[in-house]
Structure formats: structure tokens, C-alpha cells
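**Q** Just dropping this structure here.
The values are calculated or read from the model by the stated rules, or taken from the named source; none is laboratory data. From a predicted model like this one, the values you see are computed outputs, not experimental measurements. Here the Cβ is made from the backbone with ideal geometry for all residues, glycine too, and neighbour counts use every protein chain on show. Protein only, heavy atoms only, side chains kept; ligands, DNA and RNA dropped before computing areas. Shrake-Rupley method; radii C 1.70, N 1.55, O 1.52, S 1.80 Å.
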Amino acid sequence: MSQQPYVSAERGAEGGTRMCAVVTVTVALGPGGPGAPAPASPARAEVLLLDCSASMGYPRDKLWAAQDAAAEAVRALPDGTYFAIVAGRHTAELVYPTPSQSLARADATTREEALEAVARLVPSGGTAIGSWLALARELFGHEPLGQRPGAAVRHALLLSDGRNEHEERNALEAELAACAGTFTCDTRGIGEDWDPDELQLVADSLNGRADAVRDLDELPGEFRAVTAESAARTLTGLRLRLTHRPGSAPLTVQQVHPTRRDLLREAVTTGERCLEFRTPPWGEETREYLVCVAAARTPQEPVDRALWLADLKVVQEPDAEAPHPHLPPARPVLVRWTRHHDLYSQYDPKVAHYAHHDALVRGLEEGRAAHRAGDVPRALAAWGEAVRRAHAMGNQPMLQRLGDVVRIIDAETGEVEVCPDIRPLDINSAMVLRAHSTMLPPPRSPK
């Protein structure tokens with residue numbers, strides 16, 4: 001838990017404020033001890049959603065790269081994984097296994113059959129991403145994954161080169177709502193014409209990551225890595241439980257690392273002043289969460305004493321089939337009213353770090369809007385601010401993407417120049433990293 005608990009006593013009495021904290025959760029999936037059996041892995045299912053619309057044939061290299069990538073993903077599937085391959089056009093087509101089946105189970109024979117099916121893919125038709133997701137949802141709903149489907153791990157990987165032009169926006173949003181909580185989905189944009197907002201919407205709604213294909217030759221390795229990462233997530237059923245005192249309702253609950261995602265809208269009430277938030281399957285990884293709760297001081301509350309506002313605890317849904325990890329105790333969110341300016345004027349480094357990210361995103365979006373409007377000075381100012389924030393956060397991936405949009409003269413001050421011939425891919429590649437975040441770098445050791 002990382003927070004700055006000191007708040008002005010006067011400000012708290014004048015109408016209240018918010019108290020923010022960053023909670024770090026790390027999962028280690030090692031053996032439970034000498035001689036302890038390894039925890040059983042949950043059943044798994046993977047669906048590849050490949051854009052096979054007509055535009056994937058212009059140039060044809062895009063479809064060839066997608067076929068090579070799908071083949072690598074199939075080869076990376078652990079034995080026993082249930083899987084399917086869907087060709088996405090203005091409708092969704094199950095290309096493997098045969099339509100009379102639901103999902104295949106990975107072994108030497110099914111992998112070879114799947115590779116042959118992928119090699120036969122041809123580009124045609126349009127783009128309707130909601131229909132692709134609907135078929136994935138149907139497949140995930142019928143796979144033979146045991147009597148406790150909640151313990152299964154379901155993951156989709158979606159590749160698209162175009163905009164969702166053959167489907168109304170509300171149809172896509174409705175399908176995303178139907179899919180939420182059923183499976184996770186990572187998205188990748190290939191080519192020049194995809195919409196980063198659409199792929200971001202899919203990834204955000206389905207607990208995944210969106211990204212750009214910068215180099216067609218690297219796509220097979222990317223698919224292999226994403227599939228392996230998904231296969232390593234074997235711990236399911238973890239929830240975050242937030243309990244707060246009367247009058248201190250939560251104002252913000254977000255996952256802030258490795259991606260930004262609002263959790264408050266998904267809250268499940270489990271008791272008086274108690275909310276729970278589902279989390280997607282875990283591998284050996286660290287995630288961070290930003291929690292802000294209302295804090296108002298009553299005349300009876302003492303000054304310069306730590307007071308409890310809320311606490312956050314990791315709990316596990318009751319499920320006999322899932323491994324039961326050691327869970328840490330609850331971490332409290334505290335407030336300490338004070339009249340010492342030197343105390344309440346400080347900022348917690350982790351909370352400030354993620355506030356930088358919000359400002360970075362605003363700079364990206366303002367820069368894109370100004371560029372579209374032909375306002376070069378405003379675009380440079382906004383992108384320069386994004387560069388400055390990315391540098392302050394140590395966000396090297398974002399700095400690299402912004403370096404394709406502007407020429408960075410001084411990252412620390414945000415001084416930039418226009419890059420000639422900015423491609424749509426360059427802007428899309430930066431925009432699609434909006435939800436990606438980096439953790440606060442460790443403090444530098446004194447020289």
C-alpha cells in the first residue's frame with residue numbers, strides 16, 4: 001500500500017476531500033513447499049479471431065503474416081488446450097474445427113489440421129467485429145470444460161486491419177457487454193487503416209491489451225508470446241474486496257498497471273459498505289490498483305491521529321477446483337487530519353506517478369485532434385506534453401512510439417519538432433498504448 005495520509009483539517013471540515021492509495025498485488029505461482037504437489041491447472045480455451053476481410057489482401061503480405069502468426073499461436077498451445085480459429089469478415093466463420101464441432105483439443109493431429117485450415121484462408125467481405133466476438137462467446141459457452149466453468153481460463157486474440165464498418169457501434173457495445181466476464185481478449189491492429197479507439201474498446205471491455213503490429217515479420221513471434229502468456233495464467237477466481245466506513249464511499253477504483261481499467265462500474269455489492277471486484281486470471285505477475293475514497297472530517301474527529309477510512313483485501317471465490325494461494329491481510333486506507341502545511345502539501349509518489357499517466361493520455365488525444373484539424377502548433381504542444389510526461393514516468397515504450405510522431409529534441413522539457421510524413425500507423429501505434437502503463441521506477445541511487 002502506498003499513500004500520503006495527511007490532509008488539511010480545515011479542508012476536510014469544509015466539505016471533504018478524497019484520499020487516494022495505490023495497492024500492489026503480486027502473485028507467485030511456485031510450489032507450496034518441499035514435497036507439495038504442484039497446483040492443478042484449470043481447463044483452458046483459446047480462440048483466434050483473424051480478420052479475413054477483403055482489405056487483408058491489399059497488400060497480400062498482411063494475410064500471409066496473419067496466417068504465419070496463427071500457425072505460431074497454434075504451435076504454442078499446451079497439449080489439452082481447447083481451441084478454435086475464426087475467420088472474421090462481415091460475418092464470422094468457424095474455419096477450425098469443422099462447424100459440427102465446438103472446440104478442438106490441442107494435440108499433434110489437431111494442430112496439423114488447424115495449420116492446414118489456416119493455410120486455406122482467403123480475403124473477402126467486410127468487417128463486423130461484434131459478430132466475431134459473438135461466435136467466440138458461443139464457442140466458449142459450449143466447450144467441455146468441466147462442471148465449474150468459472151474456474152476455466154478463456155482467452156481470445158483478435159487481429160484486425162480495418163474499421164468496424166459493417167456493424168453499428170451500439171451492436172458492438174452490446175456484444176461486448178454480453179462477453180464481459182466470459183473471456184478475456186487481446187487485440188492487435190495490422191496495416192494503416194484500423195481504428196485504435198475500437199481495438200482499445202474491445203481490449204478494455206474484455207480485460208485485454210491492445211497494440212499495433214509495427215513489423216509484419218514480428219507478428220508470428222507476437223502471437224506466440226501472447227498465447228504463451230495466456231497459457232501461464234493459471235490462477236482464477238481472485239477478487240478485490242473494498243470495505244469502507246460510513247460516509248466514505250469509494251470514488252475511484254482502477255487497475256492502473258499493467259493497463260488502466262475502471263473497476264468501479266463492475267462492482268458487486270457483497271455486504272453493508274462492502275464491494276467486490278472480479279479480476280481476470282493471473283500468472284506470475286504484479287498488478288497495481290488505485291483506490292480513492294471520500295474523506296470528510298467531523299468536529300469530533302481528532303487531529304494528528306491515523307483514522308481508518310477503508311481497506312482493500314484480496315479474496316478468492318469459493319471453488320474447490322482452483323488452487324488456493326496464501327492471501328495477504330487487508331491493507332488499510334488511512335487519513336490523518338493535520339494543520340501542518342509541510343505534511344498535507346506532499347504527494348505520494350505512486351499516486352502522482354499515475355496522475356502523470358492521465359495527463360499523458362490527455363496530451364495524446366489533444367495532439368491527435370489538433371493534427372486532424374490541421375493545427376500544427378497545438379498538436380506539437382500537446383504531443384510535447386505527452387513526451388514530457390512519458391519521460392517523467394520512465395515510460396520508454398511510449399517515448400519510442402511518440403518518437404515516430406514527433407522528433408524529440410529534449411524529452412525532459414517536452415521540446416519536439418514535427419516529423420515529416422507522419423503515417424496513420426505512427427499515430428495509431430501511440431494511441432493504442434494509452435491504457436498501457438509502467439510502474440514507478442525505483443529511486444536513483446546517489447552518485
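**Q** Going by what's in this entry, would A352 be described as within 24 Å of T252 (Cα to Cα) and free of Cβ contacts under 8 Å to residues at least 12 places away in the same chain? Walk me through how you get there before you give the answer.
**A** On the way: within 24 Å of T252 (Cα to Cα): yes; free of Cβ contacts under 8 Å to residues at least 12 places away in the same chain: yes.
Yes; evaluated as a whole, the condition is true for this residue.
**Q** Scan the stretch 308-319 and tell me whether some residue there is at negative phi, open to solvent by less than 40 Å² (accessible area, probe 1.4 Å), modelled with pLDDT of 90 or more and not in a strand (DSSP E or B).
**A** no
**Q** On the basis of being open to solvent by 40 Å² or more (accessible area, probe 1.4 Å) and not small (G, A, S), does T81 make the cut?
**A** No: the conditions fail for T81.
**Q** Still on this model: Taking the condition of being among the acidic types (D, E) and free of Cβ contacts under 8 Å to residues at least 40 places away in the same chain, how many residues in the stretch 204-238 meet it?
**A** So the count comes out to 2.
**Q** With respect to Q396, determine if the residue is surrounded by fewer than 12 Cβ atoms within 10 Å (Cβ to Cβ) and either touching a residue at least 40 places away in the same chain (Cβ under 8 Å) or within 23 Å of the chain's Cα centre (by Cα) (or both).
**A** So Q396 passes the test.
**Q** Of the residues G414, G384, which is in contact (Cβ under 8 Å) with a residue 12 or more places away in the chain, of a type in the set (G, A, S), open to solvent by less than 10 Å² (accessible area, probe 1.4 Å) and under 30 Å from R287 (Cα atoms)?
**A** Step by step, each of G414, G384 is checked, and only G384 is in contact (Cβ under 8 Å) with a residue 12 or more places away in the chain, of a type in the set (G, A, S), open to solvent by less than 10 Å² (accessible area, probe 1.4 Å) and under 30 Å from R287 (Cα atoms).
**Q** Which count do you get for residues in the stretch 58-73 that are open to solvent by less than 20 Å² (accessible area, probe 1.4 Å) and either under 23 Å from the mean Cα position of the chain (by Cα) or modelled with pLDDT under 95 (or both)?
**A** Final tally of qualifying residues: 4.
**Q** Being open to solvent by 40 Å² or more (accessible area, probe 1.4 Å), touching a Gly at 6+ places or on another chain (Cβ under 9 Å) and modelled with pLDDT under 90 is true for just one of A13, A38, A28. Which residue is that?
**A** Being open to solvent by 40 Å² or more (accessible area, probe 1.4 Å), touching a Gly at 6+ places or on another chain (Cβ under 9 Å) and modelled with pLDDT under 90 holds for just one of A13, A38, A28, which is A38.
**Q** Then there is this: Among the residues of the stretch 324-335, is any assigned to a loop (DSSP other than H, G, I, E, B), modelled with pLDDT under 90 and open to solvent by less than 40 Å² (accessible area, probe 1.4 Å)?
**A** no
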